[in-house]
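Asks: Dropping the structure in here first, questions after.
The values are calculated or read from the model by the stated rules, or taken from the named source; none is laboratory data. Please read all numbers here as calculations on a predicted model, not as lab measurements. Glycine gets a Cβ as well: all are built from the backbone with ideal geometry, and neighbour counts include every protein chain shown. Only protein heavy atoms, including side chains, enter the accessible area calculation; ligands, DNA and RNA are left aside. Shrake-Rupley method; radii C 1.70, N 1.55, O 1.52, S 1.80 Å.
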Amino acid sequence: MLMIPTIAILSGGFSCEREISLMSGKAVKKALDSLSYNAIEIDVDSNIAEKLKKINPHLAFIALHGPYGEDGCIQGLLEILGIKYTHSGVMASAVAMNKVMSKHIFRSLSIDTPKGYVISREDLLKNNIKIDYPYVLKPINEGSSIGVHMIFSHEDYLKLKDGNSTIMERMIIEEYIPGVELHTAVLLDEAIGTMEIRPKNKFYDYEAKYTDGFAEHIFPAEIPDNIYKMTLEHALKVHRFLGCKTISRSDFRYNPKNNTLKMLEINTHPGFTELSLVPEIAKLAKGINFNELVKIIIEDSLQHRNIRDLSHVEQYY
């Protein structure tokens, strides 16, 4: 008799993206049920190690977002417990989640990224800022555009200062890149396509990402062919360098006025809600529906061991 693998779906967790993670987890559970896997949802808390030991799954599907889920923490725990898991390993997850570290990686690979630096809360509130308006202020290690502020004028700065509860002790401040929002999906070591996002708000914020109708999705992105090709090349190059597994999404800004493309970040655990970009790109680019995509991730993750070494970067040295 063919053994049916037990899949533990890890969702919820401690981060600001908890609700989105629960949505991703439910969507994955629905897909796994329809695919006849033995799927068990786990709301991740401080007792996660004991819960996993009790279930002893063949694989953990990581549907967590934000700190503790995307930053190598849960991956490290699963390594210690000897449980295979989906998506990228400890190092790739940790580096990709930390926007400061990932920017260093982009530059080392000759990939352009917005200029900026890490600023303290104290300097920000004192307006000791070395970048002219407009600029972007963002957390070092959050996702879903949580805590991101677009500052176009001194008036915007004063509003930010008045509501300073959202300002963290250390944040990234970087130049604002006008133009087109682009997102590139990598699946099974292939950059499969780039989507253009036209948000109804000023930028592609939390509301636009998770509210139907708040952003227009254009596929393929309506940009010059050479720029489109560049998004695919850059996304795959960083994916490979970090040793990402199975799936990732890279985000870019393209300024048509000066024909420049800048890489913002790479996401090793892209969202899996009904409005998420990677499932949509997979469907439009390859004809892969949501259930098929989940099955691809499961099967790929079951067949490769957890990777902790750095052999994938040797070609660059």
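Asks: If residue 29 passes every condition in (1) touching a residue at least 24 places away in the same chain (Cβ under 8 Å); (2) farther than 12 Å from residue 64 by Cα but one, which one does it miss?
Replies: Here residue 29 meets the rest and fails (1).
Asks: For region 266-292, which positions are over 20 Å from residue 78 (Cα atoms), open to solvent by less than 20 Å² (accessible area, probe 1.4 Å) and touching a residue at least 60 places away in the same chain (Cβ under 8 Å)?
Replies: 266, 271, 272, 273, 276, 277, 278, 281, 282
Asks: Say we look at region 275-300 and pick out the residues that are assigned to a loop (DSSP other than H, G, I, E, B) and closer than 24 Å to residue 68 by Cβ; which of these is modelled with the highest pLDDT?
Replies: The qualifying residue modelled with the highest pLDDT is 276.
Asks: Still on this structure, please answer the following. Could you list, in sequence order, the residues of region 39-49 that are open to solvent by 70 Å² or more (accessible area, probe 1.4 Å) and in contact (Cβ under 8 Å) with a residue 24 or more places away in the chain?
Replies: Passing the criteria: only 41.
Asks: Restricted to region 15-38, and to residues that are surrounded by 18 or more Cβ atoms within 10 Å (Cβ to Cβ) and among the polar types (S, T, N, Q), which residue is farthest from residue 268 (Cα to Cα)?
Replies: Ranking the qualifying residues of region 15-38, first place goes to 15.
Asks: Collect the residues in region 50-75 that are assigned to a loop (DSSP other than H, G, I, E, B) and open to solvent by less than 30 Å² (accessible area, probe 1.4 Å), keeping them in residue-number order.
Replies: The answer is 57, 63, 64, 65, 66, 67, 69, 70, 72.
Asks: Take region 214-244 and flag every residue that is more than 25 Å from residue 199 (Cα to Cα) and open to solvent by less than 20 Å² (accessible area, probe 1.4 Å).
Replies: 238, 239, 241, 242, 243, 244
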